[in-house]
Amino acid sequence: PGCQCAGVTFVKFSLGAAAQCKKRSPCTNRPIICPLCPKAKKGVAATVIWSYGAEHHFETVHIGDEMPSDFKRDVMVSAEEVQLLAKWAKSKKTRSKKQMAGSS
C-alpha cells in the first residue's frame, strides 16, 4: 500500500532535527499536526500545517480559540533563528550577485 497519486514523492527526514535551529541549518519550518483540528482516523489524514504558518492557521481556522501554550512554544521562532536566517539570506543574495556578474 501507499499513495497512488501521480508525481507524489515521499522524502524521509527527521522532524526532531528540523525543529532545532542550528548555525548551519537555522530554519525550523516543518510540518506539524494542528492540535485543535480533528484527529486522523483510518483512511483520513490529520490536518498538517507548516510551523511558520501556525499563527495564521489559528487566526483563520480557529477564530477565538487560544493556541495551546506547549504548541505555541514549539512553533515559536527565536530571535537567534531570525538573525541566522537573515544572515543566510544576505549571503545567498551576495553569492547570486557575484554569480550574475561572473556570467556576463
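Our coupling estimate for the stretch 57-68, obtained by passing each phi through the Karplus curve with A = 6.51, B = -1.76, C = 1.60 and θ = phi - 60°, is 4, 5, 5, 9, 9, 10, 4, x, 8, 8, 5, x Hz, Gly and Pro reported as x. Taking a ≥ b ≥ c as the square roots of the Cα gyration tensor eigenvalues, with a/c under 1.5 meaning rounded and otherwise prolate when a/b beats b/c, else oblate, which class fits the stretch 28-71? Judged from the Cα gyration tensor, the stretch 28-71 comes out oblate (a/c at least 1.5, b/c at or above a/b).
Read-outs throughout are calculated quantities, based only on the coordinates presented, and are distinct from any laboratory measurement. Worth saying up front: this structure is predicted, and the values here are computed from it rather than measured.
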